[in-house]
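**Q** Starting off with a structure, shown below.
The values are calculated or read from the model by the stated rules, or taken from the named source; none is laboratory data. Note that the structure is predicted; figures quoted are calculated from it, not measured. So basically every Cβ, Gly included, is an ideal-geometry build from the backbone, and we count neighbours across all protein chains shown. All accessible areas refer to the heavy atoms of the entire protein, side chains included, with ligands and DNA or RNA removed. Shrake-Rupley method; radii C 1.70, N 1.55, O 1.52, S 1.80 Å.
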Amino acid sequence: MSSNPIARLRHARLAAALLAGAAHMFFAAGAQADDYRLAAQTKIHISIIQWNPSKGEYQRWEALSGDFLVSSQGTIGLPVVGSLDVSGKTSAEVAAQISAALHDKMGLISPPEVSIEIAQYPSIYVVGAVTTPGAYQFRPDLTVLQAVALAGGRYRPPPEKAGQSDISLLGELTTIHTKQLRLLGRIARLQAELGGDAEIHFPAELTGAGARDLVDQIMALEGTLFTARANEKTRQVDKLSDLRDMYTRELDMLATKSKDTGEEITQTETEVAKITKLVEQGIVLSSRWSELRRVLGQMRADHAQGDIDAMRARQGLSETTRQEFSVSDQRQTEVATQLRDALSELAEVRSREYTIRQLLLAASTVVPGATSEGSSDLKLVIVRQDRQGPKEMNASETTSLVPGDVVKVYVATSMQDIVDPATSQQRTTTRPGGETQ
């Protein structure tokens, strides 16, 4: 370095100017990037300068300066230094990291000056009910509403096609909702029948539904059907019970008659045996003996017929008892089968309901939301990546975005007002900022 004081002063002023320029460049970048932590796909511009005492000037390290892209692993590859993990670090932290690494690896007397500015942020993505979904360049202080504007604003289909598909799906969803309520009522009634309950216990999913007229109608219908079926079963059982009692009384009568007939036959057989001896001795006419034998034969025939009648009555009693048990068994089997089919149908209905809701979401034109009657509004959701993975969060128009965010845009219409009209008059909408309409 020159020993001339004027030259030294000139060099000092030049150095100050260069330092001021470097500081200006660094802080200009810092105004945008100080709080931003580097993420994958961020492009950064690195500038490295070093004071050269022998020449009395700052020298730019062209070989190490330039643009670098943060990899998907969160690293950058820098000559001499090698691979550096920069994920989650600010520009100032990375600059200090590079400066220290160069100082150590190159054995410099003093660390070089390193400045970093964000050349390009990772894109943000706007999808859903916007005119032009896709990737858009991030800029600091970008809000959700601005991102929607970049994507062309809310999507509006041609007038001749606007809402046709959604109206059809919403109409089907209304039908499915009604069918689901009816199935819930039927299932509750079948469960009560299967369990032998005295009354139906309807689930809260049905009793808590907003369509009171429909719910009351379903509950009244199922209650009437429950009572009618219970009465029908009672009549069948009572009828069979009366028939069983009749057979029991008939068996008692036949048993008494059989006993009396048996005693008469025994007496008649004794009398026939006596008359037979008298006939052989010629004391009694054979006509009397023949008439008595005929009467004995008729008595034996009547006794045998009584045994046959008793057997038939016992068979009838056994069949009636079997039918009496069969009524309960068949009713339980019938109810269990109907309950199985109703549960299966309910599962299918709920699956169809889920499919329709997903179709509405996929169409990105409507999504269930709380809006005032006759109006619609945007429902905004941000998908943001962090160390634990992607996370969804509801957003407002003024929510600030960070690079890499995915903005999902839906048109939130009051689907509940269509599915459950009874509650539509009580619904309100709270807009971002707390304003209620």
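**Q** Taking the range 120-159 on its own, how many of its residues are without any contact (Cβ under 8 Å) to a residue 24 or more places away in the chain and among the small types (G, A, S)?
**A** Total satisfying the criteria: 5.
**Q** Do any residues in the range 71-93 that are in contact (Cβ under 8 Å) with a residue 40 or more places away in the chain have Cβ atoms under 8 Å from those of residues that are of a type in the set (D, E), where the two are at least six apart or on different chains, and which pairs are they?
**A** Correct list of pairs: T90/D34; T90/D35; S91/D34; S91/E117; A92/D34.
**Q** Then there's this: Can you name the residue in the range 346-374 that is at pLDDT below 60 and open to solvent by 40 Å² or more (accessible area, probe 1.4 Å) and is also nearest to the chain's Cα centre (by Cα) among such residues?
**A** Ranking the candidates gives P368 first.
**Q** For the range 90-121, enumerate the residues that are surrounded by fewer than 18 Cβ atoms within 10 Å (Cβ to Cβ) and assigned to a loop (DSSP other than H, G, I, E, B).
**A** T90, G107, L108, I109, S110, P111
**Q** On the given criteria, is V80 over 11 Å from I116 (Cβ atoms) and either touching a Leu at 6+ places or on another chain (Cβ under 8 Å) or open to solvent by less than 40 Å² (accessible area, probe 1.4 Å) (or both)?
**A** In short, yes.
**Q** Moving on. If you check every pair at least six apart or on different chains, which have Cβ atoms under 7 Å apart with a residue in the range 327-344 that is within 25 Å of D238 (Cα to Cα) first and a residue that is at pLDDT below 85 and surrounded by 13 or more Cβ atoms within 10 Å (Cβ to Cβ) second?
**A** The qualifying pairs are V327/K233; V327/Q236; V327/V237; V327/L240; R331/K233.
**Q** Is it true that A313 is small (G, A, S), surrounded by 13 or more Cβ atoms within 10 Å (Cβ to Cβ) and over 30 Å from I200 (Cα atoms)?
**A** So A313 fits the description; yes.
**Q** While we're here: How many of the residues making up the range 378-437 are surrounded by 10 or more Cβ atoms within 10 Å (Cβ to Cβ), small (G, A, S) and at pLDDT 50 or above?
**A** The qualifying residues number 5.
**Q** Shifting gears a bit: Look through the range 34-70, keep the residues that are of a type in the set (V, I, T) and under 12 Å from V86 (Cβ atoms), and return whichever of them is surrounded by the most Cβ atoms within 10 Å (Cβ to Cβ). Explain how you work it out, then say what you get.
**A** Step one: list which residues in the range 34-70 are of a type in the set (V, I, T), which gives 42, 44, 46, 48-49, 70.
So of that shortlist, the ones also under 12 Å from V86 (Cβ atoms) come out as 42, 44, 46, 70.
Details: T42: 26, I44: 23, I46: 21, V70: 21.
Filtering first and then ranking leaves T42.
**Q** Go through (1) at pLDDT 80 or above; (2) over 20 Å from P403 (Cα atoms) one by one and return the number of the condition S54 breaks.
**A** (1)
**Q** Still on this structure: Of everything in the range 237-276 that's of a type in the set (K, R) and under 14 Å from H303 (Cβ atoms), which residue is surrounded by the most Cβ atoms within 10 Å (Cβ to Cβ)?
**A** Filtering the range 237-276 for residues that are of a type in the set (K, R) and under 14 Å from H303 (Cβ atoms), the one surrounded by the most Cβ atoms within 10 Å (Cβ to Cβ) comes out as K257.
**Q** So which residues in the range 166-185 are under 19 Å from T224 (Cβ atoms) and open to solvent by less than 20 Å² (accessible area, probe 1.4 Å)?
**A** Within the range 166-185, L181, L183, L184, G185 qualify.
**Q** Among the residues of the range 186-231, count how many are open to solvent by 60 Å² or more (accessible area, probe 1.4 Å) and not in a helix (DSSP H, G or I).
**A** Qualifying residue count, the range 186-231: 6.
**Q** Would you pick out the residues in the range 279-310 that are open to solvent by 80 Å² or more (accessible area, probe 1.4 Å) and closer than 26 Å to R244 by Cβ?
**A** Scanning the range 279-310 gives Q305, I308.
**Q** When the range 57-77 is examined, which residues are found to be under 50 Å from the mean Cα position of the chain (by Cα) and modelled with pLDDT of 85 or more?
**A** Passing the criteria: D67, F68, L69, V70, S71, Q73, G74, T75, I76, G77.
**Q** Then there is this: If you scan the range 129-142, which residues turn out to be over 11 Å from P403 (Cα atoms) and open to solvent by less than 30 Å² (accessible area, probe 1.4 Å)?
**A** A129, V130, G134
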